[in-house]
Amino acid sequence: MPTSSIAALHIPDYIRSISPYIGGKPIEEVAREFGLDPAKIVKLASNENPLGIPESAQRAMAAAMAEIGRYPDDNGFDLKQVLSKKLGIDPEWIVLGAGSSDILITAALTFSGSEGRVVHSQYGFVVYGLAAQKVGAKITVVPATEGLGHDLDAMLAAARGAGGEGAAQLVYIANPSNPTGTFLEPQRIEAFLEALPAETVIVLDEAYTEYLEPALRFDSTQWVRRFANLVVSRTFSKAYGLAGLRIGYGIAQPALTDLMNRVRAAFNVNALAQAAAVAALGDQAFLDQSYALNRAGLAQLSNAFDAAGIEYIPSYGNFILFKASRDDGDDDAGARVNLALLKRGIIVRPVANYGLPQWLRVSIGTRSENEAFLAALPGAMELGAAARAAVA
Ligand SMILES: *Cc1c(COP(=O)(O)O)cnc(C)c1O
């Protein structure tokens, strides 16, 4: 009788060696594992908007339900019209994705493939390395700066092929970056774009751009007009509160969006997501509220960390990376404190898979969610009485 065996399949080594993506633990899973009431669990693990989905988007989805028996508009006409007006660019300069992760992966497929080389920063978003690995590209990881941010000079050298390997096909940069929360001034990115080899595509990931203070924001569509090798990626998963719908977009010159449109899956963005995104883009009040809540929460957590002497990276996003131990040799700290927090019904994100076993990332929640986290943290970190009092 014929049998089949996975060993007989020609699965490439670069596929076999992919480590699965580790997302934030779902509330229901933590409730089951630790015997907790799901209603009392606080999830601050995936940088979601603590306000949830805007009501405007819920209404738009309810209306779109009537047509859900049909395929979505593969070209995303309505959404591109609204984005086009908002961004001041033609619709052909926009490519839609099932979350911006889809844009990141489509970029690897389109611009690198298995022949190419992909450059990203140490502690850069985990999807960059995964996307490169999925297509079988060579990967250059550039050591981070002391504050865990992007070292643009070293990244430029890597993109140019300082080791004699020729220019890279693709570079990923996130601004602000996740999981570190670090920020690059626009002038520095602009200088990087000017110096980058013409044959290297760069994806500038702006998943958290809506959370930047107005004084720090820069309209990157200006760069897209100037640089034919730039793709800016954005998402509706964070400030717009639509993480579960999976919708994001890329902005690039039409020659690039045309290629990416050929490579992405057909109908990659579902009809409910498109309708919700149109509504969310028109809901400035929700965006303003999300921004204000995040500013307050960043201050609330940063002040508490300062008071308790907990080390953290000042964040420009909607999350903070903090050190779970004051002992530099304590490589178990992230896992241990994470478990202690889970037992107390608080879900944060371990970042050992980023090579940061002493650190944890906490998303900014509502005021009361942040309070619940801060109430649980001293016990979980086994801090002394003075630190406990400082955090409370
Ligand atoms: C959350 C995040 C994204 C967005 O992911 P989606 O696929 O759009 O949900 C992209 N880049 C970074 C750096 C992120 O943290």
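Descriptive notes on the structure:
- Size descriptor, Kirkwood hydrodynamic radius, that averages inverse alpha-carbon separations across segment 1-96, Å: 19.3
- Annotation for segment 186-263: GluC sites (Glu not before Pro) lying in DSSP loop with at most 12 further Cβ atoms inside 10 Å of their Cβ are E199.
- DSSP bridge analysis restricted to the chain gives an antiparallel fraction near 50%, rounded to the nearest 5.
- Taking the Kirkwood radius as Rh and the Cα radius of gyration as Rg, segment 302-392 has a ratio of Rg/Rh equal to 0.92.
- The Cα center of segment 372-392 and the Cα center of segment 101-121 differ in position by 43 Å.
- Kyte-Doolittle mean at least -1.0 and Cα axial length at least 20 Å: DSSP H helices in the chain: 284-308, 367-381
- Averaged over its residues, the chain has an accessible area of 44 Å² per residue, based on protein heavy atoms and a 1.4 Å probe.
- For the chain, the mean residue ellipticity at 222 nm estimated from helices alone is -12000 deg cm²/dmol, where every DSSP H run of n ≥ 4 contributes -39500 (n - 2.57) and the total is divided by all residues, rounded to the nearest 500.
- Counted over all Cα-Cα pairs of the chain, pairs farther apart than 32 Å make up 37 percent.
- Solvent-free Debye calculation, one equal scatterer per alpha-carbon of segment 121-210: log10 I(q)/I(0) at 0.10, 0.14, 0.21 Å⁻¹ equals -0.23, -0.46, -1.08.
- For segment 140-251, the share of DSSP beta bridges that are antiparallel, to the nearest 5, is 30%.
- Equivalent ellipsoid, segment 51-103 (semi-axes from 5 times Cα gyration tensor eigenvalues, Å): 21, 15, 13
- If R0 equals 30 Å, the separation of the Cβ atoms of R225 and Q284 corresponds to a calculated FRET efficiency of about 0.75.
- Split the accessible area of the chain by element, probe 1.4 Å, and carbon with sulfur accounts for 54%.
- Shown here is the pair-distance distribution of segment 214-356: with all Cα-Cα distances grouped in 10 Å bins from zero up to the longest one, the shares run 9, 25, 30, 24, 11, 0 percent.
- Estimated FRET transfer efficiency when R0 is 22 angstrom, pair R388-D37 (beta carbons, to 0.05): 0.35
- Set of aspartates and glutamates with alpha-carbon distance to K323 below 15 Å, sequence-local pairs under 8 removed: E146, D306, E311, D331, D332, E382
- Applying a threshold of 32 Å to the alpha-carbon distances of K40/K86; K25/K85; K134/K343; K138/K238 flags K40/K86; K25/K85; K134/K343 as lying beyond it.
- Cut-off of 10 Å, at most 14 other beta carbons, DSSP loop: longest stretch of the chain lacking such chymotrypsin sites (Phe, Trp or Tyr not before Pro): 22-266
The values are calculated or read from the model by the stated rules, or taken from the named source; none is laboratory data. Please read these numbers as outputs of a predicted model, since none were measured by experiment. All Cβ positions, even for glycine, are placed from backbone atoms using ideal geometry, and neighbour counts span all protein chains on display. Areas reflect the complete protein model, heavy atoms only, side chains present, ligands, DNA and RNA absent. Shrake-Rupley method; radii C 1.70, N 1.55, O 1.52, S 1.80 Å.
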